[in-house]
Amino acid sequence: MGVRLSRRGRRGATVDLAPSAARLTNSLRDIGYNFHSAVADVIDNSLAAGASRVSVEITFDGPDSSVFIADDGGGMSANGILEALRFGSRREYARGELGRYGLGLKTASLSQGRCVTVVSRLGRDGVVSARCLDLDLIEEWDEWLVVDPGESRAVARASDLLDEGFNTVVVWEKLDRLLPFKNQEGGWARRRVDNAITKSVQHLSMVFHRFLERSDSLVLEVNGTKLAPWDPFARAEEHTQVLTPLIFEVQRDAVQGFVHLERFVLPPRTHFSSPKRFEELSGPLKWNRQQGLYIYRADRLVQWGGWAGIRGIDEHTKLARVALSFNTELDELFNTNVAKMRVSIPGELKQQITPALSEVCVAASETYRRAARLTEESTPTSFGQALAPNVVRFALTAAAMRSGDKDALDRIARELRQTNPEIAEQLGL
Ligand SMILES: Nc1ncnc2c1ncn2[C@@H]1O[C@H](COP(=O)(O)OP(=O)(O)O)[C@@H](O)[C@H]1O
Ligand SMILES: [Mg+2]
């Protein structure tokens with residue numbers, strides 16, 4: 001049943017062993033998306049289709065809660081929608097296109113809900129078609145079924161959006177991953193949806209910041225709020241330091257391309273234009289964990305925070321942020337994953353960029369040290385009262401490094417921690 005024995009060319013007897021649709025779709029739900037990264041992956045398709053307006057509507061309505069992602073890109077014909085809903089859509093990609101595996105639309109959508117509907121038309125004058133993937137149906141029949149949703153509520157709302165000028169609407173329903181299993185009506189469920197909205201605004205402003213900066217005509221909105229680009233490098237701040245940009249050539253076998261490195265030292269709190277801006281720039285993970293590499297694939301931010309194993313996160317280098325950009329011809333080298341949430345930097349490139357990263361980190365810790373010294377000077381203190389432990393530790397470490405006694409200081413610190421841990425803690429050692 002379902003197994004065909006066939007004879008194909010020189011390969012001899014082969015068996016066409018189709019995977020179980022029910023089991024595979026279920027396991028594909030867990031390849032690493034969270035709500036906001038799943039929304040971002042659907043928006044990748046909108047941008048690839050040339051959209052200049054993308055609108056995300058996340059609506060809490062108990063078990064009928066829904067997400068609509070509408071764009072005014074080129075849209076799809078009826079056959080186009082079918083191909084789009086195939087796991088492993090068949091198509092060629094141009095350089096710089098955000099798509100890659102032909103999976104994003106399905107895996108991202110179904111990672112959040114059990115039903116995804118696509119309503120689209122090929123351009124303004126195209127015929128509107130709608131198709132959906134429903135995990136309940138796929139599980140029941142254990143087949144790769146795509147169905148016509150008929151006149152569903154989702155289709156009715158999507159038609160309104162098409163009337164507003166959008167060409168494609170992707171709808172997520174049966175949001176079992178977003179809503180708690182029990183009591184999908186309650187305050188807890190509502191808070192989860194509210195939280196998803198807040199996080200989405202923050203995430204999308206960040207991962208698409210280059211697209212938003214590049215084009216004044218691009219509008220991304222979440223529940224009616226127009227997103228402003230969030231520039232991790234605070235380039236609009238007067239005191240942001242910009243180091244010389246660098247370009248590295250990478251090559252392995254037939255794969256060859258260039259990687260761009262742009263290095264920044266952000267201003268310390270005292271040198272930001274306002275405390276509010278300083279807080280905004282701290283980012284979703286906050287200053288310490290937002291330091292490090294920001295990796296862009298075809299201008300879309302795919303990974304950020306930390307130094308990709310090249311060095312550790314350190315309070316003193318928290319003002320250092322570095323953009324590392326590559327284009328899609330280097331996908332294989334960077335192992336871009338399906339959820340576009342992770343890449344790995346090739347070992348050769350890590351070696352090449354290490355000195356450049358050290359340089360920006362030195363500059364960042366200098367800035368940090370100067371700011372700490374200023375704070376120290378302007379804070380009248382009696383010992384042990386207002387002096388922050390990290391300021392003391394930093395001053396001691398910096399002095400020890402200058403006098404060449406860092407090893408000695410480490411030994412003293414270790415000794416003090418053992419014999420007098422309270423004082424060691426007060427001194428930040
Ligand atoms: N909003 C959209 N507008 C036009 N075409 C789309 C849209 N979303 C998806 N598609 C089509 O469906 C295909 C499959 O999308 P997806 O599953 O995300 O894989 P990928 O983006 O890697 O190709 C895309 O390559 C594109 O041709
Ligand atoms: Mg895609």
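The values are calculated or read from the model by the stated rules, or taken from the named source; none is laboratory data. Note that the coordinates shown come from a computational prediction; the quantities given were computed from them, not determined experimentally. Note: ideal-geometry Cβ built from the backbone for every residue, glycine included; neighbour counts use all protein chains shown.
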Exercise. Restricting attention to the range 77-93, report how many residues are more than 13 Å from ligand 2 (Cβ to nearest atom), crowded, with 18+ Cβ neighbours inside 10 Å and either over 28 Å from PHE60 (Cβ atoms) or not β-branched (Val, Ile, Thr) (or both).
Key: 1
Self-check item: the range 327-370, residues that are within 30 Å of ALA388 (Cβ to Cβ), surrounded by 18 or more Cβ atoms within 10 Å (Cβ to Cβ) and of a type in the set (Gly, Ala, Ser)
Solution: ALA363, ALA364, SER365
Self-check item: Residues within the range 117-128 that are under 11 Å from LEU162 (Cα atoms) and among the hydroxyl-bearing types (Ser, Thr, Tyr), tallied
Solution: 1
Self-check item: Selection status of ARG121, more than 14 Å from ligand 2 (Cβ to nearest atom), under 23 Å from the mean Cα position of the chain (by Cα) and assigned by TED's automatic domain parsing to the domain that holds LEU135
Solution: no
Self-check item: Scan of the range 214-225 for residues that are loosely packed, with under 15 Cβ neighbours inside 10 Å and over 16 Å from ARG297 (Cα atoms), ordered by number
Solution: SER215, ASP216, SER217, ASN223, GLY224, THR225
Self-check item: Extreme residue, surrounded by the most Cβ atoms within 10 Å (Cβ to Cβ), among residues of the range 181-203 that are without any contact (Cβ under 8 Å) to a residue 60 or more places away in the chain and within 24 Å of the chain's Cα centre (by Cα)
Solution: VAL201
Exercise. Would you mention how many residues in the range 41-52 are crowded, with 18+ Cβ neighbours inside 10 Å and either more than 16 Å from ligand 2 (Cβ to nearest atom) or among the β-branched types (Val, Ile, Thr) (or both)?
Key: 2
Quiz item: Which of the residues spanning the range 316-365 are of a type in the set (Ser, Thr, Tyr), assigned to a helix (DSSP H, G or I) and closer than 17 Å to PHE233 by Cα?
Solution: THR317, SER365
Exercise. Identify the residue in the range 94-103 that is near ligand 2 (Cβ under 10 Å from one of its atoms), touching a residue at least 24 places away in the same chain (Cβ under 8 Å) and over 18 Å from ASN26 (Cβ atoms) and, among all such residues, is nearest to the chain's Cα centre (by Cα).
Key: LEU98
Self-check item: Qualifying position, being surrounded by 16 or more Cβ atoms within 10 Å (Cβ to Cβ) and at pLDDT below 95, among LEU17, LEU110, LEU98
Solution: LEU98
Exercise. Scan (1) surrounded by fewer than 17 Cβ atoms within 10 Å (Cβ to Cβ); (2) within 29 Å of GLU332 (Cα to Cα); (3) more than 20 Å from the chain's Cα centre (by Cα) for the single condition GLY73 breaks and write down its number.
Key: (1)
Exercise. Considering (1) under 22 Å from the mean Cα position of the chain (by Cα); (2) crowded, with 18+ Cβ neighbours inside 10 Å; (3) within 16 Å of ligand 2 (Cβ to nearest atom); (4) assigned to a loop (DSSP other than H, G, I, E, B), say which one VAL116 fails and leave the rest.
Key: (4)
